[in-house]
Amino acid sequence: MQLMAHIVIKNMQTTLQTLLLLYILFFSTLTHAQLNVDLEPIDEMLGVTIPGSVQSLNIPYDNIEINRQAFHLFLPDAEGTYPLVIYIHGGGFTGGSRDKVFVDGALQESLQYFLENGVAFISIGYRLLNSNGPDEEGVIKSLRDSKRALQFIRYHAAELKIDPERIALMGGSAGAGTSLWLATKPDMADPESSDPVLRESTRATAIFLNGSQATYDIPRWESEIYEDFDFTLEDLESILGFDRLSNFYGGLESVEQLYEDPTLVAYREEVDMLAHMTSDDPPVFINSGSGAAHPENDPFHHHAQSLAIQTHAITAGLPEVKATIKLPGIDTSEGETGEEFLVRYLMPEPIDDEGPVVTSSDQNLAEEQMLLYPNPTANVLHIKNTSLHARYQIYDLQGKLVMTGKGSSIDVMALSQGTYLLNVDATISRFIKQ
C-alpha cells in the first residue's frame, strides 16, 4: 500500500514537473523567440481599399487567457517599417473584443485612413472582469494586459514591421480610459525583469480618447468629477450593483473599505490617471459625444469626465490638448479629427534649418493660455493673457449658456455658487463662483 502511494505521488510529481516545463517552454517561446507573423491580404469584409495592405490575426502576447490576450495586426504593405496606432476596445471591462474592427463601420473607416497614410494598426484584446462571480484581481488585470501588449509589440517591433519609437494609442470608453492610464503612468519598463518584454517602455507618442473615464479612482467621481451634480458613490453603486463595483477593485466587503483599507487606497492611487498626469505625458485629443445632462443617465461617458481630463491636462502642461465635447459645446479641434491628430504626431512635418515646425495649436497653448484670478471668486473674475475686447461665454456644467460678453474682467455676482466653464476664443478654463 505504501509502495502504491509512493508511486502515485512520484507520478504526480513527474506530471507537475512536465507541465511546468511545458509552460516555461511555451512562455519562453512567446517572449524570447522570433515571432512567426503570417501576413495575408486584408479581409474583404473590412472594406479596406489599400493595394498591398496585409493582416496577421490573433497574435498572442501572453498565455494566461490566450483567447483574450492576443491582437490583430494590419499593415499598409508587407514591406517596410511603419508607425503604429494601437486600438483598445471598450465594454466596461466586462465585454468587447479585439474583433470589433470586423464589425464596426466607424472603426473600419479609421483603419482605412491610417493605412492610406502609411500608419499600421493593431487591435488588442485583454482579460475581462468576471461577470459570473467574484474577481480577485479587478481592473488592474485588464490594464496590465494592455500594458504587456504594448511592451510585447515594442519587443517584437522588427518582426511586426513597426517603428517602436512612434506608437500612438486610441480607444473608446474603457479602451480610452486604458489608453489614458498607459499614457499618464510614468514609464513602467522594468530594466531588471527576467522577462525581456517587461523591460520595454510603455510611453506613447500621442493618444486619442473617445468617451473616456477621467480616473478609475471611483470615489473621486463623487468628490470631484460629479461634485456639482449631487451624484454620489451610493448612486453609482445602485446603477452598477455592489458585485460589479466590488469586482472592479478585486473584491470588497463594503464600500467603506475603499477609504479605510490601505491596500485598496493604494489600488485606487495606482489607477488614478488624473493624479499621474504630468507635463511629459503625450499630447491628447479628447472626444465626448454623450448628450446626457446628468451623470445618472451616462456615468461612464458623461461630459464631466472629459472636462476633467481636459482641465487637468492643460493644468499639467501637456504638449497639446484638443477637445470636442458635445456638452457644453466645446470644440478646440480647429477642424482636426482624432485620427488626423494621431497621424500628425506619427508622421511629423520635417524640421527645417530654422528649427522645428510649430503648429497653430501649439502657439495657442503657448501664447494664449488664460489665467483666471481670483479663482474661486465671489465678485469679479479677471482674465490675464487675453484681449480687453475678447468675447466670452460662460456655461454651467449641464452645458447651459448662462452669460456672454466681452472684456478681461467679468462681474459674476449674479451667478449661483458652483463651478462654471469660461470659453474665450475656443480656450476653455474652469472657475468656481463662491
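The values are calculated or read from the model by the stated rules, or taken from the named source; none is laboratory data. Treat the numbers as computed from the prediction; the structure is a model and nothing was measured. Neighbour counts are summed over all protein chains in view; Cβ atoms, including those assigned to glycine, are modelled from backbone coordinates with ideal geometry.
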Is at least one residue of segment 88-96 under 17 Å from residue 60 (Cβ atoms), assigned to a loop (DSSP other than H, G, I, E, B) and of a type in the set (Gly, Ala, Ser)?
-> no
Evaluate segment 67-80: report whether one residue or more is among the polar types (S, T, N, Q), in contact with an Asp or Glu (Cβ under 9 Å, 6 or more places away or on another chain), under 28 Å from residue 269 (Cα atoms) and touching a residue at least 60 places away in the same chain (Cβ under 8 Å).
-> yes
Could you tell me which numbered condition residue 130 fails, if it satisfies all but one of (1) buried (at least 23 other Cβ atoms within 10 Å of the Cβ); (2) within 27 Å of residue 244 (Cα to Cα)?
-> (1)
Just one listed residue, out of 113, 155, is more than 20 Å from the chain's Cα centre (by Cα) and farther than 23 Å from residue 44 by Cβ, and it is 155
Residue in segment 231-238 that is farther than 16 Å from residue 273 by Cα, out of contact with any Leu (no Cβ under 6 Å at 6 or more places or on another chain) and among the β-branched types (Val, Ile, Thr) present = yes
Look at residue 78 and say whether it is at pLDDT 95 or above and in a helix (DSSP H, G or I).
-> no
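With respect to residue 256, is the statement that it is closer than 19 Å to residue 93 by Cβ and of a type in the set (Asp, Glu) true?
On the way: closer than 19 Å to residue 93 by Cβ: no; of a type in the set (Asp, Glu): yes.
Against the criterion (closer than 19 Å to residue 93 by Cβ and of a type in the set (Asp, Glu)), residue 256 does not qualify.
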Picked from segment 365-398 (must be assigned to a loop (DSSP other than H, G, I, E, B) and at pLDDT 80 or above), the residue surrounded by the most Cβ atoms within 10 Å (Cβ to Cβ) is 375
Looking only at segment 111-127, and only at residues there that are of a type outside the set (A, V, I, L, M, F, W, C) and crowded, with 22+ Cβ neighbours inside 10 Å, the one that is nearest to residue 241 (Cα to Cα) | 126
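Looking at segment 404-434, which of its residues are of a type outside the set (A, V, I, L, M) and under 28 Å from the mean Cα position of the chain (by Cα)?
Result: 419, 420, 423, 425, 427, 429, 430, 431.
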Only one of these is in the same structural domain as residue 274 (by TED's automatic domain parsing) and within 18 Å of residue 318 (Cβ to Cβ): 209, 233, 198. Name it.
-> 209
Counting only residues that are touching a Lys or Arg at 6+ places or on another chain (Cβ under 7 Å) and either within 23 Å of residue 115 (Cβ to Cβ) or β-branched (Val, Ile, Thr) (or both), segment 51-63 contains a total of 1
Does at least one position in segment 261-275 carry a residue that is touching a residue at least 24 places away in the same chain (Cβ under 8 Å), surrounded by 18 or more Cβ atoms within 10 Å (Cβ to Cβ), over 30 Å from residue 321 (Cβ atoms) and not hydroxyl-bearing (Ser, Thr, Tyr)?
-> no
The residue that is nearest to residue 324 (Cα to Cα), considering only those in segment 182-210 that are out of contact with any Ser or Thr (no Cβ under 7 Å at 6 or more places or on another chain) and free of Cβ contacts under 8 Å to residues at least 40 places away in the same chain, is 190
